[in-house]
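Here's the structure we're looking at; comments come further down.
The values are calculated or read from the model by the stated rules, or taken from the named source; none is laboratory data. In this text the structure is predicted, and so the values were computed from the model without any measurement. Every residue, glycine among them, receives a Cβ derived from its backbone with ideal geometry; neighbour counts consider all protein chains shown.
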Amino acid sequence: MIVVDRPPVNAADGTVRAGILELAERAQADDSARAVLVACAGRTFISGADISEFQTGVQKPLFNDALEPLESCTKPVVASLHGTALGGGFETAMACHYRIAQPSARMGLPEITLGIIPGAGGTQRLPRLVGARAALEMLLSGRPVTAAEALEEGLIDEIAEGDPIETGLAYAKRLVAKGAPPRPTRERAVDAAGFDDAGIAEALAKNARALRGRTTQEYVIKALRAAVDLPFAEGLAVETELSNATLETTEAQALIHVFFAEREAAKIPGLPAGVKPLEINKAAVIGAGTMGGGIAMALADSGVPVVLIEAEQEFLDRGIAKIKENYDVSAKRGRFTPEAVAERMALIEGTLDNADAADVDVVIEAVFEDMDLKKRVLAAIDAAIPPHAVLASNTSSLSLTELASATKRPEKVVGLHFFSPANVMRLLEIVRGEKTSQETLATAQAIAKKLRKVGVVAADGFGFIGNRMMLDGQWRENEVMLLEGVPPERLDAAVEGFGMAMGPNKVNDMGGVDIGTKVRIELLKREKRAHPYHVVSDALTPLGRLGQKTGQGIYRYEKGDRTPRPNPDLPPLVAKLAEVHGVARREVSDEEIVERMILPLINIGAQILDEGVAYRASDIDVVWTSGYGFPR
Ligand code: T1G
């Protein structure tokens, strides 16, 4: 029996690999051993190679050296999977002769999400188990499969409920009893059906959105080609070469950085060990508009019952109808079954009465971005909810400390700044006011984890982290270049070419030009900014040119069509503003556009760090990669 026990996720570093190697050789040499079981203690089977080794240096023995004696063992070798058998963990399982799994187990090769390809035989053994075409799909998406899917595809031999070691032992004994032979995966043939140009093109198209601007997919295809064309040992050598090459890419270094940065962001410096987050069993959301509705959906998606509070029946009905419509659209796209939609809708209870929030653990206020209105709403709900409950505001620009002063529990007031659509966007900016307690911050991070979001803590300053960098950095320069005569199409195309999900002018029109203007009005009450500061957008708002929702903003839109089209009304307005603000028109290269859109993010980020608005530099990276479309 080889049992790996390296909490929290049995990541396989050099010590784990050395253990597997030693015990596999010992089992082979031990005549009393009739079979070998590979299993793990704790919450999961091996969840991959220890990724931190890619930053500190990979120790010996290498994975392939550790797996060789497992596969070549002359006794049946069984892997018993539970939790998440990923990357090197799943490769270990595929190097075993037989695999069983718990019903809740998931398994796969997510390496492409780290900018690398498997390096422990995954690209050579997986196609031998499921065929090259199916292997291509799994390697390009990086999506783990469930135990049920794995059984259907022949990746595992059995699903067994119970303790993974006991079920593994029982299975191994049954194999011995029926004289089952070793079954090295390497000796299987590769079914290459569908792994041709058309099949490859189809798989790439299917994953095009996630692989935009990426190169790792090319290495995946080369490795699979080697699996199809070459004997196992030669294919494995090709994989090793390609896998090492991916590790050298900036892409991999960036994605591995983001992997750890997202996990680091969840940690609150100086949080005393004894401080525990509150349990969140029920929530209330105030305001059933776009943000409030999305936040209610995010809570329901995570199984948290929600009381959705509105001021008027008409607004409440409209809000709940919009939630149902959004769920129905997702169901049509196959994301939810009708039963799942019904379950989620059943978790959302609409009301006009704050008293219905008498038993909640957290309230998230998402009403109109107005200080006085929010203060009134917070003061009213403060009186209706239990003393332990946390009071959060979804404000994107107002002083959290001032909002908290309207309540009798400022230590329990925190900013939970969601991004639209709130049930989709991964980022949750957690804003700490001057009186926000450590327990409340820990609770906010726990809420982020529960909603499967990435929580990043920001101090209560001008635009927190994300909006500050956007408004003072990228978008400010974007507007200056508009005044210099650069068409929005060129500005957006240049940064999208760099890798941004969407150019600032399209985002501005999509979110609503007036929203930005309102945010700036509130922000500029806190700090002054030198002009020209977003003068184009703030000239469009009073003209009612608010973007997609009014048919024109920066761009023009046909009725019912969200395609941005050149707007002939923009240049004359911009020319007048350029004159007013003394901005000369000039030639600007695409290279300069990218520099002026990206470099200010670094400068403002450095100021934010210097001022202590962010705990750490990597938090700023997480904000922009998970909330503002910066290419990971
Ligand atoms: N290496 C090192 N540390 C890891 C790790 C790993 N593979 N996986 C998790 N951790 C740390 C993580 O940083 C955090 O640390 C703690 O464990 C809990 O993680 C040869 C080359 C397994 C689904 O890509 O997807 O194998 O912050 O908060 O939400 O071909 O972690 O507490 O100090 O994420 O329950 C392939 C990566 C590697 C899987 C659990 N494997 N991990 O999620 O916990 S490349 C992966 C995950 C490879 C081979 C190649 C998730 C998880 P800390 P967590 P979780």
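Of note:
- Complete set of residues in the range 350-382 that are of a type in the set (D, E, K, R) and crowded, with 16+ Cβ neighbours inside 10 Å: Asp356, Asp361, Glu365, Glu369, Lys374, Lys375, Asp382
- Residue check for Val622: in contact with a strand residue (DSSP E or B) (Cβ under 8 Å, 6 or more places away or on another chain) and under 14 Å from Gly463 (Cα atoms): no
- If you check Leu81, Leu70, Leu37 for being touching a Phe, Trp or Tyr at 6+ places or on another chain (Cβ under 6 Å) and more than 11 Å from the ligand (Cβ to nearest atom), only one passes: Leu81.
- From Glu234, Glu241, residue being farther than 21 Å from Ser618 by Cβ, surrounded by fewer than 18 Cβ atoms within 10 Å (Cβ to Cβ), within 16 Å of the ligand (Cβ to nearest atom) and at pLDDT 95 or above: Glu241
- Looking only at the range 577-601, residues that are farther than 11 Å from Glu477 by Cβ and of a type outside the set (Lys, Arg) come to 12 in all.
- Matching residues, the range 399-426, being assigned to a loop (DSSP other than H, G, I, E, B) and either aromatic (Phe, Trp, Tyr) or closer than 21 Å to Lys453 by Cβ (or both): Phe419, Ser420, Pro421, Ala422, Asn423, Val424, Met425, Arg426
- Within the range 52-63, the presence of a residue that is part of a helix (DSSP H, G or I), under 27 Å from Ala148 (Cα atoms) and near the ligand (Cβ under 10 Å from one of its atoms) is excluded.
Quick grid of which residues meet (1) assigned to a helix (DSSP H, G or I); (2) over 39 Å from the mean Cα position of the chain (by Cα); (3) at pLDDT below 95:
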position	(1), (2), (3)
Pro568	no, no, no
Lys576	yes, yes, no
Gly582	no, yes, no
Ile593	yes, no, no
Ile598	yes, no, no
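- Contact map, the range 483-503: residues that are free of Cβ contacts under 8 Å to residues at least 12 places away in the same chain paired with residues that are surrounded by 17 or more Cβ atoms within 10 Å (Cβ to Cβ), Cβ distance under 6 Å, separation 6+ or inter-chain. Pairs shown: Glu496/Gly503.
- Test: residue in the range 285-295 that is away from the ligand (no atom under 16 Å from the Cβ), surrounded by fewer than 19 Cβ atoms within 10 Å (Cβ to Cβ) and touching a residue at least 24 places away in the same chain (Cβ under 8 Å): yes
- The set of residues in the range 234-284 that are touching a residue at least 12 places away in the same chain (Cβ under 8 Å) and of a type in the set (S, T, N, Q) comprises Thr240, Ser243, Asn244, Thr246, Thr249, Gln253, Asn281.
- Qualifying residue in the range 479-495 (condition: under 30 Å from Ser589 (Cβ atoms) and at pLDDT below 95): no
- Candidates Gly121, Gly115 - the one that is under 17 Å from Ala95 (Cα atoms), in contact (Cβ under 8 Å) with a residue 60 or more places away in the chain, within 14 Å of the ligand (Cβ to nearest atom) and small (Gly, Ala, Ser): Gly121
- Residue match in the range 79-86 (condition: of a type in the set (A, V, I, L, M, F, W, C), surrounded by 24 or more Cβ atoms within 10 Å (Cβ to Cβ), under 27 Å from Arg632 (Cβ atoms) and in contact with a helix residue (DSSP H, G or I) (Cβ under 7 Å, 6 or more places away or on another chain)): yes
- Candidate set from the range 64-81 (those that are out of contact with any Pro (no Cβ under 7 Å at 6 or more places or on another chain) and among the acidic types (Asp, Glu)); member that is farthest from Pro182 (Cα to Cα): Asp65
- Thr92 vs. criteria hydroxyl-bearing (Ser, Thr, Tyr), within 16 Å of the ligand (Cβ to nearest atom) and assigned to a helix (DSSP H, G or I): yes
- Scanning the range 195-224 for residues that are surrounded by fewer than 16 Cβ atoms within 10 Å (Cβ to Cβ) and in contact with a Gly (Cβ under 9 Å, 6 or more places away or on another chain) yields Glu202, Ala210, Arg212, Gly213, Thr215.
- Thr146 being within 19 Å of Pro76 (Cα to Cα), touching a residue at least 24 places away in the same chain (Cβ under 8 Å) and of a type outside the set (D, E, K, R): no
- Helices (runs of 4 or more DSSP H) wholly inside the range 431-510 that include at least 2 residues being of a type in the set (A, V, I, L, M, F, W, C): 438-450, 475-483, 488-498
- Selection within the range 300-316 - within 27 Å of Ile280 (Cβ to Cβ), without any contact (Cβ under 8 Å) to a residue 60 or more places away in the chain and either in contact with a Pro (Cβ under 7 Å, 6 or more places away or on another chain) or not in a loop (DSSP other than H, G, I, E, B) (or both): Ala300, Val306, Val307, Leu308, Phe315, Leu316
- Qualifying residue in the range 140-151 (condition: of a type outside the set (A, V, I, L, M), in contact with an Asp or Glu (Cβ under 8 Å, 6 or more places away or on another chain) and either over 18 Å from Val38 (Cβ atoms) or surrounded by fewer than 19 Cβ atoms within 10 Å (Cβ to Cβ) (or both)): yes
- The selection criterion, being surrounded by 15 or more Cβ atoms within 10 Å (Cβ to Cβ) and part of a helix (DSSP H, G or I), does not hold for Val588.
- Taking (1) surrounded by fewer than 24 Cβ atoms within 10 Å (Cβ to Cβ); (2) at positive phi; (3) within 13 Å of the ligand (Cβ to nearest atom) in turn, Gly131 satisfies each apart from (3).
- Qualifying residue in the range 194-210 (condition: among the basic types (Lys, Arg), under 16 Å from Met107 (Cβ atoms) and outside any loop (DSSP other than H, G, I, E, B)): no
- Residues of the range 1-34 that are in a helix (DSSP H, G or I), away from the ligand (no atom under 16 Å from the Cβ) and of a type in the set (A, V, I, L, M): Leu23, Ala24, Ala27, Ala29.
Listed here are the residues, each with its yes/no results for (1) in contact with a His (Cβ under 7 Å, 6 or more places away or on another chain); (2) part of a helix (DSSP H, G or I); (3) closer than 19 Å to Gly88 by Cα.
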site: Lys222; (1), (2), (3): no, yes, no
site: Thr240; (1), (2), (3): no, yes, yes
site: Leu255; (1), (2), (3): no, yes, yes
site: Glu262; (1), (2), (3): no, yes, no
site: Pro269; (1), (2), (3): no, no, no
site: Arg318; (1), (2), (3): no, yes, no
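- Hits in the range 95-112 (condition: of a type in the set (Val, Ile, Thr) and away from the ligand (no atom under 15 Å from the Cβ)): Ile100
- Hits in the range 351-379 (condition: touching a strand residue (DSSP E or B) at 6+ places or on another chain (Cβ under 9 Å) and of a type in the set (A, V, I, L, M)): Leu352, Ala357, Val360, Val362, Val363, Ile364, Ala366, Val367, Val377, Leu378
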